[in-house]
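Beneath this line is the structure, given in structure tokens, with notes to follow.
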Amino acid sequence: MTLNPHLPLVYHPNYSFSFDPKHRFVMSKFAHLYQHVKQLGLVGDNLVQPLLGTPEALELVHCENYIHDLYHNQLDEKAMRRIGLPWSKELMARTFTAPQGTLQTARLALKHGMACHLAGGTHHAHTDFGSGYCMVNDLAFTTQTLIESGEVTNVLIFDLDVHQGDGTAAMLQHQPYAYTCSIHCEKNFPFRKSPSDLDIGLTNNMQDAEYLGIVDDTLQFLLKELNPDLVLYDAGVDVWQQDGLGKLDISWQGIEQRDHLVLKRCLEHNTPVATVIGGGYDRDHQRLAQRHGIVVEQAARF
């Protein structure tokens, strides 16, 4: 099967910067992912660079005080500990640019049917606090922006990160035109979950066949039931059996099948789909980039 080099890809060089290579969060993965898809021959005039983001834009969905204090390094120690990343100007630049990247990806998907963001999926960020390596919520921001502008009527957020999308669920609970679905490992972070419109908590060590059945049944049901204008697909690869924070037993091939299935179902339903990479943890940074590249490869096969 040949790969389509015209698949819209969204990436900004500020997504990766000099960062502690031993930190659990692999900041280099975005640059490695970009290099990986470039080596696959998928980068050309299809690459879109988002605008440098500003803190003000995120006040659409986040509390103004929180955004101000985050940007100016005025959050207290406890709030920063909850986020889990050391503050820096470079971190702020990427933090406020990435949501613009997800928004750009969604707009490209609406135009072309499919598009991939080489970042995004910061689903643990809440209205007034950050958590689990997430400072601002690109999924909530993109959804709210598109609904308010009238570019879409309704959005399905299909979150297959191994961790429940608590921030997205909480931030969009009063938005009737956004539907949040999270299929995650139940006995895993966050330990206090915010109810999504649909939560499916999986048992530890679940394997491919059962997992793929649940994903497929759920997505087919939601596409039929909701008929969304757009699917925002969080293709977290922390479901992998060797992921440092996963607790599921999904094979590499299982992730390939999952991503192929999700994209195929959206296309069959004529529903535009925008992908974000979500979580993935690995001491082997190159292998992690390849894992995050699975969704891009699968998208390029269509």
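Only the coordinates and a few stated rules stand behind these numbers; no lab work does. Just so we're clear, the structure is a prediction, and the values are computed from it rather than from any experiment. Glycine gets a Cβ as well: all are built from the backbone with ideal geometry, and neighbour counts include every protein chain shown.
Cβ-Cβ contacts under 7 Å between residues 6 or more apart (or on different chains), taken from a first residue in the range 159-181 that is closer than 20 Å to Leu248 by Cβ to a second residue that is buried (at least 24 other Cβ atoms within 10 Å of the Cβ) and among the aromatic types (Phe, Trp, Tyr), are listed as Cys181/Phe158. Here Asp197 meets each of (1) in contact with a Cys (Cβ under 9 Å, 6 or more places away or on another chain); (2) touching a residue at least 60 places away in the same chain (Cβ under 8 Å) with one exception, condition (2).
From the list Ala115, Ala93, Ala109, the one residue that fits, being under 27 Å from Ser18 (Cα atoms) and either surrounded by fewer than 24 Cβ atoms within 10 Å (Cβ to Cβ) or in contact with a strand residue (DSSP E or B) (Cβ under 6 Å, 6 or more places away or on another chain) (or both), is Ala93. Scanning the range 1-41 for residues that are of a type in the set (Val, Ile, Thr) and out of contact with any helix residue (DSSP H, G or I) (no Cβ under 8 Å at 6 or more places or on another chain) returns a single hit, Thr2.
Could you list all residues from the range 22-48 that are within 12 Å of Pro8 (Cβ to Cβ) and either more than 19 Å from the chain's Cα centre (by Cα) or free of Cβ contacts under 8 Å to residues at least 40 places away in the same chain (or both)? Of everything in the range 22-48, those that are within 12 Å of Pro8 (Cβ to Cβ) and either more than 19 Å from the chain's Cα centre (by Cα) or free of Cβ contacts under 8 Å to residues at least 40 places away in the same chain (or both) turn out to be Leu42, Val43, Gly44, Asp45, Asn46, Leu47.
Picking from residues in the range 195-227 that are touching a strand residue (DSSP E or B) at 6+ places or on another chain (Cβ under 9 Å) and among the small types (Gly, Ala, Ser), the one that is farthest from Met171 (Cα to Cα) is Gly201.
Residues of the range 216-258 that are buried (at least 22 other Cβ atoms within 10 Å of the Cβ) and part of a helix (DSSP H, G or I): Leu219, Ile255, Arg258. The residues of the range 131-146 that are within 22 Å of Tyr66 (Cβ to Cβ) and out of contact with any Gly (no Cβ under 9 Å at 6 or more places or on another chain), listed by number, are Met135, Phe141, Thr143, Gln144, Thr145. Inside the range 260-290, residues that are assigned to a helix (DSSP H, G or I), in contact with a Leu (Cβ under 9 Å, 6 or more places away or on another chain) and touching a residue at least 24 places away in the same chain (Cβ under 8 Å) make up a count of 7. For the range 1-49, the set of residues classified as touching a Lys or Arg at 6+ places or on another chain (Cβ under 7 Å) and not in a loop (DSSP other than H, G, I, E, B) consists of Asn14, Tyr15, listed by residue number.
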